[in-house]
Amino acid sequence: MTSIKFGTSGWRDIIARDFTFENVRVATQGIADYLNAELANPQSPVFGRKPLMILGHDTRFLGPEFSLAAAEVLAANGIEPLLCDRDTPTPVIAYAIRHQKAIGGINLTASHNPAEYQGLKFSIHNGAAAPPEVTKQIEANIVKLQSAHWNF
């Protein structure tokens, strides 16, 4: 079982070793669980918003396919994925989140890491990278899902 840990601005790992479709799906389910709890919380800044998420990817290997895998999980959780139609830099995802009044965004990118890496960046409702207090909740959700042998 891969330990999925979010560092600065997301989770990054080596493609096919730990960054797999299965792990992208479980990480996205952890994000969906967090977001659905936020949507139901009257104290949350996303309470009452349309459950819309922006999804993008960079030009790395399998970026579009990983993005589609994340979109499938979000859609299964009642969160509407709005996919970018081509490779998209993270600042554009941030702008789209704010412009569309989305509840967040996921960008499949490993940023500055070597080519064998891929990554998943989760941004919150204001377009900023998810802060540690959010990613800790998502990581806890992922651990629960992995312990229960969750599978999409």
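The values are calculated or read from the model by the stated rules, or taken from the named source; none is laboratory data. In this text, all values refer to a predicted model and were calculated from it rather than measured experimentally. For neighbour counting, all protein chains shown are included, and Cβ atoms are generated from backbone atoms with ideal geometry for every residue, glycine included. With ligands, DNA and RNA removed, areas are computed over all heavy atoms of the protein, side chains included. Shrake-Rupley method; radii C 1.70, N 1.55, O 1.52, S 1.80 Å.
Descriptive notes on the structure:
- P91 farther than 20 Å from S9 by Cβ and either among the β-branched types (V, I, T) or over 11 Å from the mean Cα position of the chain (by Cα) (or both): no
- Residue count, region 129-140 (criterion: open to solvent by less than 40 Å² (accessible area, probe 1.4 Å), over 18 Å from F47 (Cβ atoms) and among the hydrophobic types (A, V, I, L, M, F, W, C)): 1
- Residue in region 23-32 that is open to solvent by 10 Å² or more (accessible area, probe 1.4 Å) and of a type in the set (S, T, Y) present: no
- All of Q100, Q146, Q118 fail the test of being closer than 19 Å to H57 by Cβ, of a type in the set (S, T, N, Q) and in contact (Cβ under 8 Å) with a residue 60 or more places away in the chain, apart from Q118.
- Residue within region 47-69 that is open to solvent by 50 Å² or more (accessible area, probe 1.4 Å), closer than 20 Å to P131 by Cα and small (G, A, S) present: no
- Residue under evaluation K121, criteria (1) over 19 Å from T8 (Cα atoms); (2) crowded, with 19+ Cβ neighbours inside 10 Å, criterion not met: (1)
- Across region 100-117, the number of residues qualifying as aliphatic (A, V, I, L, M) and within 11 Å of the chain's Cα centre (by Cα) comes to 2.
- Residues satisfying the stated conditions in region 7-44, i.e. closer than 18 Å to L55 by Cα and in a loop (DSSP other than H, G, I, E, B): S9, T20
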